[in-house]
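The values are calculated or read from the model by the stated rules, or taken from the named source; none is laboratory data. Everything numeric here is computed off the predicted structure, so don't read it as measured data. Glycine gets a Cβ as well: all are built from the backbone with ideal geometry, and neighbour counts include every protein chain shown. Surface accessibility is based on the protein's heavy atoms, side chains included, excluding ligands, DNA and RNA. Shrake-Rupley method; radii C 1.70, N 1.55, O 1.52, S 1.80 Å.
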Amino acid sequence: MNHPPPDPPDPVAPRADAGSNAAMRESLALPDLDKPPRRLRVVHRTRYHYDRPIARSLHRLHLRPLADWKQRVISHHIAVTPAVPLIDYEDAFGNWATRCEIPGPYADLDIVAESVVDLFDYDPFAFTKLLGRMPTIPLAWMPGERTMLNPYLEHIELPDSQIRDLYDYAMFFAEKHHRNLMETLFAINLELFRNYTYQPNSTGLDTTPHEVMTRRRGVCQDFANLFISLARLLGVPARYVCGYVHTHIAAASRAGSDATHAWVQLYIPEIGWKGFDPTNGVLTQLDHVRVGYGRHYRDAAPITGTLFGQAVETMTVDVHVTDITQPGPPDSPDSTGERSA
């Protein structure tokens, strides 16, 4: 197993001096523009082979990284073989999505996405300095907020006894930390990292949060699902994040063999969405490339599709995330929204 990253720093550091521009940026959790961004190249290749020809298929792709003040897309390109027209659109969750139809018949499908992304440096704990009074559990949401956040507060269907077990587990952390919201969330994040075993191929897409809690093992998707379950039972809106993690091969994180990655974002009152990675026990910063958000995995899965035909499918996925940061001013972003070579 690779060496784990160090524990996150103390999130309740003293407020920065407002007289300093650098300190002001830190207190507002804005990127430090004096530092060059980290530039990552992501190559994601998915191959499908079928033991008999497929008549046709429809596909939705979430492969283009998101763009905002923390993350900038420099270039992005998708190639599909057999070659077909690709249609880009913004989905209901604000993600970049691409749809295509493969007319067939075909027995092999190859999808390659290459992206170059700049990640801007910022203090992931700076938002705690903006909280004049630390929120406590239970949280109180205004009617309009609850209407907008309700999809991220609804728990999945499970037997009542299992939901009670999960709720009691979540409340253990809340009571231990005197119902302090942030201390509770930090503690859950570290618990899943320290006391759950990262074990590839030990679970599937149908593994429930209760099964993960009971078995105490899984992969990034399982730890994300369990964290989402616990947060929602505490009244904290939580959403699933699909993307990539830069694993620093020389001194890799716990998810060193898993460049495609999943983590969570939690909605903090009067602060907004903040990324927590329970697989590695950290808050997201310069190693995480965000591609899609959703209520759960299905909303943001990298590739989904419908096949017309009966065949046995074999799939292989290769993902490489490389740090290509160069000294000097960053290049201009790809602002057109179109694919570029």
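The residues of region 192-220 that are within 14 Å of Gly281 (Cα to Cα) and in contact (Cβ under 8 Å) with a residue 24 or more places away in the chain, listed by number, are Leu192, Phe193, Arg194, Tyr196, Tyr198, Val219, Cys220.
In region 269-293, the residues that are within 18 Å of Ile188 (Cβ to Cβ) and without any contact (Cβ under 8 Å) to a residue 40 or more places away in the chain reach residues that are open to solvent by less than 10 Å² (accessible area, probe 1.4 Å) and part of a strand (DSSP E or B) with C-beta atoms within less than 9 angstrom, at least six apart or across chains, in these pairs: Trp273/Leu266. Kindly indicate whether Phe186 is open to solvent by 70 Å² or more (accessible area, probe 1.4 Å) and in a helix (DSSP H, G or I). Taking the combined requirement at face value, the residue does not satisfy it.
Just one of the listed residues (Leu166, Leu86) is more than 30 Å from Arg72 (Cβ to Cβ) and touching a residue at least 12 places away in the same chain (Cβ under 8 Å), namely Leu166. Taking strands (runs of 3 or more DSSP E) as the structural unit, no element lying wholly within region 198-311 holds at least 2 residues that are surrounded by 16 or more Cβ atoms within 10 Å (Cβ to Cβ) and out of contact with any strand residue (DSSP E or B) (no Cβ under 9 Å at 6 or more places or on another chain).
Scanning region 168-182 for residues that are in a helix (DSSP H, G or I) and crowded, with 17+ Cβ neighbours inside 10 Å yields Tyr169, Ala170, Phe173, Ala174, Leu181, Met182. Residues that are of a type in the set (Ser, Thr, Tyr) and under 24 Å from Tyr167 (Cβ atoms) were ranked within region 116-154; the one that is surrounded by the most Cβ atoms within 10 Å (Cβ to Cβ) is Tyr152. The criterion of being among the hydrophobic types (A, V, I, L, M, F, W, C) and within 30 Å of Trp96 (Cα to Cα) does not hold for Leu190.
Within region 48-80, if we keep just the residues that are among the aromatic types (Phe, Trp, Tyr) and modelled with pLDDT of 95 or more, the residue that is surrounded by the most Cβ atoms within 10 Å (Cβ to Cβ) turns out to be Tyr48. Quick check: is even one residue across region 304-322 modelled with pLDDT of 95 or more, more than 20 Å from His77 (Cβ to Cβ) and touching a Cys at 6+ places or on another chain (Cβ under 8 Å)? No - not one qualifying residue is present in region 304-322. With respect to Val84, determine if the residue is assigned to a strand (DSSP E or B) and β-branched (Val, Ile, Thr). Taking the combined requirement at face value, the residue does not satisfy it.
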